[in-house]
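The values are calculated or read from the model by the stated rules, or taken from the named source; none is laboratory data. Since this is a predicted model, take the numbers as computed values, not measurements. Neighbour counts are summed over all protein chains in view; Cβ atoms, including those assigned to glycine, are modelled from backbone coordinates with ideal geometry. The accessibility values were calculated without ligands, DNA or RNA, using every heavy atom of the protein model including side chains. Shrake-Rupley method; radii C 1.70, N 1.55, O 1.52, S 1.80 Å.
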Amino acid sequence: MVEQLLFKLCVVNSNLTQCTKPFLIKRRFLFCFFFFAPYNKDMHFHIITIFPNLFDSYISDSIIKRAQDSGVIQFSFYNPRDVTKNKHKKVDDIPYGGGPGMVMMAEPIIDIWEKIIKDRNDSVLDKISFVLKTGHLKKKRKFKTILLSPGGEKFTTEYAKTTVTEYTDTIFICGRYEGIDSRVQQITNAELVSIGDYVLTGGELAAMVMVDSISRQIDGVLGNKGSLEEERVSSHEMYTRPAELKYRGKTYSVPEVLVNGNHAKIDEWRKNH
Ligand code: SAH
């Protein structure tokens, strides 16, 4: 919808090139409007974790790195150890009711969460830097809080899409040890989210999986929008050159239909494979 509107504006814009002077002023005005239209999708990931270094390698390479460079995604990390009032920098304690392991204390996490929400207004410098990087105005911030938990709602592509459409900021709370004091969820109203039916040692990998999947739903993150598998007829069976691969005396051929280039037939094949 927005894209169609912008396209129409561009057409009007280019038609006006041949017009007389008053119209030329109008053309410049329209150009400015196009340039400063609010960006429909961008995302700031706020990650609360006692192991922020775990994210380093993944976010400093490939598509996620490029998306940061182009300004459409941004990361901030917050370590409960940095704000804990405990003099030994402790962030965990024994569970009430007994049982094995330790539980992450609520207060440091809540203090961080509150500060993130309180600082929700972008500084003028942030706004200028965003316009310079993307050519668009920044949208009003809207926050979603997610608490990673193996017992939570299952994460899906649909969840990733909704997050991008409805929010500008996602706060991830990563658990460690036995998990997090439940009052964090009660106070922050966080959504409990699981990435699958298995238990990890911490929420960091789960947050990274979600960051990756959410990011690819943002305009401009994937070089080619057609790469969004869920938007087209696609198959999990795929081939590239050579058309015939020889391995230990046997020939493995690419299915004939894919080589022949009849798009209707290719779509039909992809639906069934
Ligand atoms: N004893 C807990 C497991 C804690 S695992 C239990 O059985 O429920 C430690 C942390 O890892 C959790 O607090 C959560 O943040 C994260 N985690 C583990 N498995 C996860 C999963 N499948 N999805 C999302 N987060 C997970």
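Tell me yes or no: at least one residue of region 208-222 is within 30 Å of Asn260 (Cα to Cα), within 16 Å of the chain's Cα centre (by Cα) and either at pLDDT below 95 or aliphatic (A, V, I, L, M) (or both).
Yes; the residues of region 208-222 include at least one that is within 30 Å of Asn260 (Cα to Cα), within 16 Å of the chain's Cα centre (by Cα) and either at pLDDT below 95 or aliphatic (A, V, I, L, M) (or both).
Could you tell me which numbered condition Lys154 fails, if it satisfies all but one of (1) near the ligand (Cβ under 10 Å from one of its atoms); (2) farther than 23 Å from Leu205 by Cα; (3) open to solvent by 70 Å² or more (accessible area, probe 1.4 Å)?
Exception for Lys154: condition (2).
Any residue at all in region 164-177 that's open to solvent by 40 Å² or more (accessible area, probe 1.4 Å), in contact (Cβ under 8 Å) with a residue 60 or more places away in the chain and within 9 Å of the ligand (Cβ to nearest atom)?
So far as region 164-177 goes, yes, one or more of its residues are open to solvent by 40 Å² or more (accessible area, probe 1.4 Å), in contact (Cβ under 8 Å) with a residue 60 or more places away in the chain and within 9 Å of the ligand (Cβ to nearest atom).
Please determine whether any residue of region 233-242 is of a type in the set (Asp, Glu) and surrounded by 11 or more Cβ atoms within 10 Å (Cβ to Cβ).
yes
Go through the residues of region 201-222 one by one and say whether even a single one is within 7 Å of the ligand (Cβ to nearest atom), in contact with a Lys or Arg (Cβ under 9 Å, 6 or more places away or on another chain) and open to solvent by 60 Å² or more (accessible area, probe 1.4 Å).
Checked against the condition, which is being within 7 Å of the ligand (Cβ to nearest atom), in contact with a Lys or Arg (Cβ under 9 Å, 6 or more places away or on another chain) and open to solvent by 60 Å² or more (accessible area, probe 1.4 Å), region 201-222 yields at least one hit.
Working only within region 220-273, note down all residues that are charged (D, E, K, R) and either part of a helix (DSSP H, G or I) or within 30 Å of Gln68 (Cα to Cα) (or both).
Correct list: Lys225, Glu229, Glu230, Glu231, Arg232, Glu256, Lys265, Asp267, Glu268, Arg270, Lys271.
Which one of Val124, Val91, Val103 is surrounded by 15 or more Cβ atoms within 10 Å (Cβ to Cβ) and either in contact with a helix residue (DSSP H, G or I) (Cβ under 6 Å, 6 or more places away or on another chain) or over 20 Å from Phe172 (Cβ atoms) (or both)?
Unique residue meeting the criteria: Val91.
Looking only at residues that are open to solvent by 20 Å² or more (accessible area, probe 1.4 Å) and aliphatic (A, V, I, L, M) in region 178-188, which one is farthest from the ligand (Cβ to nearest atom)?
The qualifying residue farthest from the ligand (Cβ to nearest atom) is Ile187.
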